[in-house]
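Working notes, beginning with the structure itself.
The values are calculated or read from the model by the stated rules, or taken from the named source; none is laboratory data. These numbers were taken from a predicted model, which means no experiment stands behind them. Here Cβ is always computed from backbone atoms with ideal geometry, including for glycine, and neighbour counts include all displayed protein chains.
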Amino acid sequence: MAQRKSSGEKAGMTYSDAGVDVDAGNAFVDAIGPLAAKSARRGVMGAIGGFGALFDPKAAGFADPVLVAATDGVGTKVKIAIDTGRHDTIGIDLVAMCVNDLIVQGAEPLFFLDYFACAKLDQTVAKAVVGGIAHGCELAGAALIGGETAEMPGLYSGADYDLAGFAVGAAERGSLLPRQDLEPGDCLIGLASSGAHSNGYSLIRHLMADQNLAWDAPAPFAPDTSLADAFITPTRIYVQPVLKAIRETGAIKALAHITGGGLSENVPRVLPAQLAARIDLDKIDVPPLFGWIAQAGGVERAELLRTFNLGIGMVLVCAESETGALVSHLKASGETAHVIGALETARTAERIVFSGSLEFEQ
C-alpha cells in the first residue's frame, strides 16, 4: 500500500510543474488526426501518432524512384502570425517553402512532417497552425503523415512559437532536374509570386518599427488593405501546375525557387559553370509592396535583388522554340507566366546579369 503524504509534506515535482503538459500534448495529437487525414494519398501506410511514419513509393505509382528531401522554416514571418493572432495560413507557408524546393529537382512531393515548438501549448493556436499545414499539403498533393509538438518553457516565452517542415518527394530515375542540355539561348520564364512569400521579413519588421507602423494600419502601397493582410499572404505553392507542365510538355529543363537570396543567388544555383542568366528587369511587374520597401527603407537595388523575390516566385528554363507553348500551358493552369530573360555563355565570374531598371507599380 502506497504511503499517504501528510498535509505538511511537500508533494513530488511533476513535469507539469516545470511547464510541460503531457496530457495536453496527447489531446492535441488526437485533435489534429482528422486534419492530417484530409491530406491522405496513395502510398501512406498507417496513421499519425506512431514512433515513425511509413510510406510506400511503389504504391504511389513509382517504378524506380529516387527520393528527394527538403527542410525549411518560415523565418521571422512567424512573428507576424503571433503578433496579429492570425495563425491559419502560416502553415501553408511552411509547406510551400519545402515542396517548392522539391519540384525544382523534378520531384513529386509525397509526404510532409512538421515540428511545432512553443513555451506552452495553446491548442487553439496550434490547431490553426496545423490546419494550415494540412491545407498546404492538400494543395501540394503531399500527405501530412507525422510531426512533433514540443513545449519548451525557458527556451520560448509567452505566446512565441516556431516551425520547421520536412518534405520528401520522388522522381523516376533519369528524370531529375536540372537536365544536362541547358545551352545559350534557352529562355527564362518567371511565375508570379503572391507577395514576399517567406523571405526578407526581418528587414520588413525592422522597417515597420522604423516607420512606427502597426499591423492593422492601412498599407501605404495599398490603402484598402492592412499591412497584416499584405504581408501575411501565404507563399504560393507551384507544385501542381509545374509538375503537370513537366509531364505533359517535356519542355522544362531547369527550375529555380526564388527564396532567400532572391533572383541574384537562386537562378545561378541550377546552371552549369559555363552559363549565365540574363534577366530583363523591365519585363517584371514588381508588386507595389516591394516599391514601398525600397523607397521607405532606402533599400538599394542590389540588396532588393538578393533579399526579395520582387514578384517572381519560380523561374523555369526551356528551349526558345518551346517557350510559347510552355507559357500557354502554365497560364491554362492558372499561373501568371512570362519570359523574363535568357541564358548566355558566362564571360566573367558573374553568373547572373540584370538589364533594364526596377520600376515599381504605384
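Within region 323-341, the set of residues being in contact (Cβ under 8 Å) with a residue 12 or more places away in the chain and either surrounded by fewer than 18 Cβ atoms within 10 Å (Cβ to Cβ) or in contact with a helix residue (DSSP H, G or I) (Cβ under 7 Å, 6 or more places away or on another chain) (or both) comprises Ala325, Leu326, His329, Leu330, Ser333, Gly334, Glu335, Thr336, Ala337, His338, Val339, Ile340. Residues satisfying the criterion are absent from region 75-84 (criterion: part of a strand (DSSP E or B) and surrounded by fewer than 24 Cβ atoms within 10 Å (Cβ to Cβ)).
Taking the conditions (1) at pLDDT below 95; (2) under 28 Å from Ala245 (Cα atoms); (3) among the aromatic types (Phe, Trp, Tyr) in turn, Phe354 satisfies each one other than (1).
Quick check: anything in region 150-161 part of a loop (DSSP other than H, G, I, E, B), hydroxyl-bearing (Ser, Thr, Tyr) and closer than 20 Å to Ala245 by Cβ? No, region 150-161 contains no residue that is part of a loop (DSSP other than H, G, I, E, B), hydroxyl-bearing (Ser, Thr, Tyr) and closer than 20 Å to Ala245 by Cβ. For Ala142, the test of being in contact with an Asp or Glu (Cβ under 9 Å, 6 or more places away or on another chain) and in contact (Cβ under 8 Å) with a residue 40 or more places away in the chain is passed.
Run down Leu343, Leu310 and say which single residue is assigned to a loop (DSSP other than H, G, I, E, B) and at pLDDT 95 or above. When all the criteria are applied, what remains is Leu310. Looking at region 96-107, can you tell me whether even one residue there is aliphatic (A, V, I, L, M), part of a loop (DSSP other than H, G, I, E, B) and buried (at least 24 other Cβ atoms within 10 Å of the Cβ)? Yes, there is a match, as at least one residue in region 96-107 is aliphatic (A, V, I, L, M), part of a loop (DSSP other than H, G, I, E, B) and buried (at least 24 other Cβ atoms within 10 Å of the Cβ).
Taking the condition surrounded by fewer than 24 Cβ atoms within 10 Å (Cβ to Cβ), assigned to a loop (DSSP other than H, G, I, E, B) and touching a residue at least 24 places away in the same chain (Cβ under 8 Å), does Ala294 pass?
On the way: surrounded by fewer than 24 Cβ atoms within 10 Å (Cβ to Cβ): yes; assigned to a loop (DSSP other than H, G, I, E, B): no; touching a residue at least 24 places away in the same chain (Cβ under 8 Å): yes.
No; evaluated as a whole, the condition is false for this residue.
Does Asp30 qualify as being at pLDDT 90 or above, in a helix (DSSP H, G or I), more than 28 Å from Ser175 (Cβ to Cβ) and in the same structural domain as Met152 (by TED's automatic domain parsing)? Outline the logic, then answer.
Numbers: at pLDDT 90 or above: no; in a helix (DSSP H, G or I): yes; more than 28 Å from Ser175 (Cβ to Cβ): yes; in the same structural domain as Met152 (by TED's automatic domain parsing): yes.
Criteria not met by Asp30.
Test each condition in (1) over 19 Å from Lys77 (Cα atoms); (2) of a type in the set (Gly, Ala, Ser); (3) surrounded by 18 or more Cβ atoms within 10 Å (Cβ to Cβ) for Gly154 and report the one that comes out false. Among (1) over 19 Å from Lys77 (Cα atoms); (2) of a type in the set (Gly, Ala, Ser); (3) surrounded by 18 or more Cβ atoms within 10 Å (Cβ to Cβ), the lone unmet condition for Gly154 is (3).
Kindly establish whether Ala214 is touching a helix residue (DSSP H, G or I) at 6+ places or on another chain (Cβ under 7 Å), small (Gly, Ala, Ser) and not in a helix (DSSP H, G or I). Spelling it out, it is not the case that Ala214 is touching a helix residue (DSSP H, G or I) at 6+ places or on another chain (Cβ under 7 Å), small (Gly, Ala, Ser) and not in a helix (DSSP H, G or I).
Among the numbered conditions (1) hydroxyl-bearing (Ser, Thr, Tyr); (2) without any contact (Cβ under 8 Å) to a residue 40 or more places away in the chain; (3) assigned to a strand (DSSP E or B), the only one that Thr71 does not meet is (2). The number of residues in region 216-238 being free of Cβ contacts under 8 Å to residues at least 60 places away in the same chain and either among the hydroxyl-bearing types (Ser, Thr, Tyr) or within 24 Å of Thr336 (Cβ to Cβ) (or both) comes to 7.
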